[in-house]
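The values are calculated or read from the model by the stated rules, or taken from the named source; none is laboratory data. Quantities reported herein were computed from a predicted structural model and do not represent experimental measurements. Neighbour counts are summed over all protein chains in view; Cβ atoms, including those assigned to glycine, are modelled from backbone coordinates with ideal geometry. For accessibility, only protein heavy atoms count, side chains too; no ligands or nucleic acids. Shrake-Rupley method; radii C 1.70, N 1.55, O 1.52, S 1.80 Å.
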Amino acid sequence: MATVNLTAQTVRELLDYAPETGVLKWRVNRPPRGIAGSVAGCVMRNGYIAISFHGVRFYAHRLAWLHHTGEWPMNHIDHIDGNPLNNAIANLRDVSPKTNMQNLRRAMASSASGLMGASFDPKKGKWAACIKYLGKTLHLGRFDTAEEAHAVYIAAKRRLHAGCTI
């Protein structure tokens with residue numbers, strides 16, 4: 001597969017970036033879809049916007065960071081509000097993978113409750129709330145409803161996870 005060494009200068013020559021809205025638009029015509037003035041990229045299945053250069057796909061939030069700061073991010077680019085379509089510079093931050101994971105806002109697809117931090121304990125017939133902190137699992141208690149367990153988990157997440165912006 002081809003590789004493209006994009007610099008801030010190259011990105012700025014090809015794209016305009018509106019830091020208030022996060023929208024990237026083509027400055028030049030890039031057939032077949034990239035018409036000067038049109039919004040660049042497409043929304044991927046994972047919810048992020050991707051833009052391709054010479055067959056190489058880049059995430060729009062990383063290009064927005066490069067365009068605005070002049071440097072590639074050192075780590076992960078986190079969307080502070082959890083919305084992968086909001087690439088406004090005020091909504092982006094360069095954080096460690098750990099901090100990025102602390103800002104998750106949805107339960108895993110495999111979650112039985114559909115709520116973060118709430119899992120059913122069939123032995124007790126209750127909903128358990130647990131959170132990972134400093135490499136250990138902290139048990140926050142058992143509750144009658146998944147919503148109660150989730151609420152306790154969210155409170156603990158706000159207290160313990162520095163990267164959490166919920």
- Under 26 Å from the Cα of LYS132 - lysines, other chains or at least 8 residues apart: LYS98, LYS123, LYS124, LYS157
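Given a 1.4 angstrom probe, I'd like the percentage of the accessible area of the chain that is carbon and sulfur, rounded to a whole number.
Working: 5560 of 10170 Å².
Whole-percent figure for carbon plus sulfur exposure: 55.
Pull out the extension gain between ASN29 and MET108, defined as 0.36 nm times the separation in residues minus the alpha carbon to alpha carbon distance; nm, one decimal.
Details: separation 79, 0.36 × 79 = 28.44 nm, distance 3.99 nm.
Between ASN29 and MET108, full extension yields 24.4 nm more.
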- In degrees, nearest 10, the alpha-carbon axis of helix 60-69 is tilted away from the dominant principal axis of the alpha carbons of the chain by 70 degrees
- Item | Cα centroid of region 60-122 to Cα centroid of region 1-43, whole Å | 22 Å
- Message: Accessible area per residue for region 30-142 in Å², computed with a 1.4 Å probe and the full protein assembly in place, what is it?
- Response: 62 Å²
- Residue-by-residue Karplus 3J(HN,Hα) for region 25-34, coefficients 6.51, -1.76, 1.60, Hz, glycine and proline x: 10, 5, 8, 10, 6, 9, x, x, 9, x
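Looking at the chain, identify the longest residue range that excludes and avoids all GluC sites (Glu not before Pro) in DSSP loops having at most 11 other Cβ atoms within 10 Å. Mind dumping the intermediate values first?
On the way: sites that count: GLU20, GLU71.
Looking at the chain, 72-166 is the longest stretch - no exposed GluC sites (Glu not before Pro) with at most 11 other Cβ atoms within 10 Å.
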- Message: I'd like the orientation of helix 146-160 relative to the chain: the angle between its Cα long axis and the longest Cα principal axis, in ° from 0 to 90, rounded to 10.
- Response: 60 degrees
- Once every DSSP H run of n ≥ 4 in the chain is given -39500 (n - 2.57) and the sum is divided by its residues, what mean residue ellipticity at 222 nm do you get, rounded to the nearest 500 deg cm²/dmol? -6500 deg cm²/dmol
